Amino acid sequence: MIEIIGLHKKLAGQPVLKGIDLTINKGETLTVIGRSGEGKSVLLKHIIGLFRPDSGRILIDGEDITSYKISELYRLRRRFGVLFQGSALFDSLTVGENIGLGLREHKIYPESEIRRIIGEKLARVDLKGMENKKPAELSGGMKKRVGLARAIAMSPEYILYDEPTTGLDPITADSINNLIIELKTEPEITSIAVTHDMASAYKISDRIAMLHDGKIIFTGAPDEIKNSNSQTVQQFIMGKARGPITNF
Amino acid sequence: MNLVPYLGHLVIRFTEHVGRLFILIGRLVISLPMVPQKARLITQQMLYMGVNSLPLVLFTSLFTGGVTAVQAAYQFRGIVPMTYLGGAVGKAVVIELGPVLTGLVIAGRVGASIAAELGTMKVTEQIDALETMAIDPVRYLVMPRFVSGIVMLPVLTIFSNFIAIVGGLAVSVWFLDLTTYSFLNSLKMFFELQDLLGGLLKSVAFGAIISIIGCYNGFNTSGGAEGVGKSTTRAVVVSSILILLADYGIASLVFG
Ligand SMILES: Nc1ncnc2c1ncn2[C@@H]1O[C@H](COP(=O)(O)OP(=O)(O)OP(=O)(O)O)[C@@H](O)[C@H]1O
Ligand SMILES: [Mg+2]
């Protein structure tokens, strides 16, 4: 379980997160929606300690990680898999090396087993046999899928998805949605996704939280958010240019 | 009127950079015991820094050696016998020109590419990805470049010394009417091991400067492609300045 309590963060002098309170239960998939630049990526990065909050706490399974030393953070991060917004594949490494990097660096398995895991994860994201391609040779959708394979390579308990479907065609996007749903069926995996793709949010989420003006202004199941009577929420999920968010 | 706050701001920024640079150096030192485990990454860097830089270094050195001979001969004329030319070229090359020119050439070639590569990794979140995979970027990226720098710069400098002296010899024989024998004889007569070692000590320091400043600027990149361009330039400028400062410092220590 992840509990975020009163999280505040200023970046470059500007307040970005202004008191986030959010709980993600074990085994659930929670999606954070919100406009571009609201701080969704910044929020995700706090959970793995890439940013330290100005104030507030982040509890992971009851432990406050905001006061963790770097060595403790490294130990914690091994339980996380992260799909970055831009995939963030290492472009000096092949696809296979990208997926196997964590396993090799941490010497968790013998080499033969690592090769097997790489093959298995690649098959899982429908990229069987692509081990020796370089990231530069892949399309955006393929990169996302390799990023996903890399995120799950170490069999994490927690998976963070930063805009898993943004910039993809609807069909590829839906195949990513299906992969995320498939991963959910594995016991004990807790996921947080960040997106502004509402179709994806409805499909993959157990609960949806909306980030607006540095705060979580709504949390609820997909059906609940559709029926929310907040004008702000309705403007966002219906994708309207006019409404309280834009002050028209 | 605005000058005082502006200068204050500069001083604060400078102090901040120095502090962060020392934190990076501290983390680098802690990662040094991992050298054996990172042998493969270090070899890769050595190939890139060393072997691939060799043509440029040799080209620069050949001509520098030649120029040194011509100018020394010009300064000797009527004052010092030309038979001392070999010794003069040898000393100038081994103490100063070989190490410093190699340092500056590699700062331009390798320092820039370290900053550009790490800067690109920074702005495309690859450094964040390493961090989230619980892989220490200092151990994975900085340490191999540092080790490779402090090993390959002296190696390149030895090549540079040799080729520069060959260049000086060629010019002396072809254009200055010296015999090979008299050039080499004077080279041998004035040779001192301390000169060579002092020069190589400089090159070790230059290797450290180039790799650390390149990595530091790469890690501190922000703002996309424009930011990468800026940190690349800054890496070359700052390491060139530091090379010249370190050159003076070591020269006063060893030869002063
Ligand atoms: N490293 C940083 N330094 C300074 N400001 C930052 C940094 N990272 C993010 N910001 C700022 O924080 C704000 C939130 O950024 P963030 O990337 O979290 O937005 P987002 O909600 O993920 O948007 P998008 O949907 O476009 O990805 C932005 O105003 C951004 O400029
Ligand atoms: Mg984002």
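Just so it is clear, none of the values below were taken in a lab; they were calculated from the coordinates. Computed from a predicted structure; not experimentally measured. A quick note on method: Cβ atoms are made from the backbone with ideal geometry, for glycine too, and the neighbour counts reach across all protein chains shown.
Numerical summary
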| quantity | calculated |
| --- | --- |
| Choice from A:Lys18, A:Lys69, A:Lys215 showing the highest fluctuation, given a GNM over chain A with Cα pairs closer than 10 Å | A:Lys69 |
| Count of Lys pairs (Cα-Cα under 25 Å; at least 8 positions apart or interchain) in the range B:3-255 | 5 |
| Exposure proxy ranking, count of Cβ atoms within 10 Å, fewest first, for A:Lys121, A:Lys10 | A:Lys10, A:Lys121 |
| Karplus (6.51, -1.76, 1.60) ³J(HN,Hα), θ = phi - 60°, over the range B:179-186, in Hz, Gly and Pro reported as x | 8, 4, 4, 5, 4, 5, 4, 6 |
| Part-to-part distance (alpha-carbon centres) for the range B:199-256 and the range B:7-33, which is given in Å | 14 Å |
| DSSP-defined beta bridges in the protein assembly as shown - what % are antiparallel, rounded to 5 | 55 percent |
| Using θ = phi - 60° and Karplus 6.51 cos²θ - 1.76 cosθ + 1.60, couplings along the range A:45-50 (whole Hz; Gly, Pro as x) | 5, 5, 5, 9, x, 6 |
| Most fluctuating residue given options A:Leu122, A:Leu11, A:Leu73, as computed from a GNM of chain A linking Cα atoms under 10 Å | A:Leu11 |
| Cα gyration tensor category, rounded, prolate or oblate, for the range A:26-96 with a/c compared to 1.5 | oblate |
| Cα gyration tensor category, rounded, prolate or oblate, for chain B with a/c compared to 1.5 | prolate |
| Candidates A:Ala201, A:Ala173, A:Ala149: whichever shows maximal mean-square fluctuation once chain A is modelled as a Gaussian network with Cα springs under 10 Å | A:Ala173 |
| Magnitude of the charge dipole, chain A, Cβ model with Lys/Arg +1 and Asp/Glu -1, debye to 20 | 500 debye |
| Degrees, to the nearest 10: B:3-31 long Cα axis against longest axis of chain B | 80 degrees |
| Rounded to 5, percent antiparallel among DSSP beta bridges of chain A | 55 percent |
| Distance between the range B:154-188 and the range A:26-73 - C-alpha centres, whole angstrom | 63 Å |
| Proximal aspartates and glutamates relative to A:Lys203, as straight alpha-carbon distance under 13 Å, when same-chain residues fewer than 8 apart are discounted | A:Asp174, A:Glu182, A:Asp223 |
| Rounded to 10°, Cα long-axis angle of helix B:224-255 versus longest principal axis of chain B | 50 degrees |
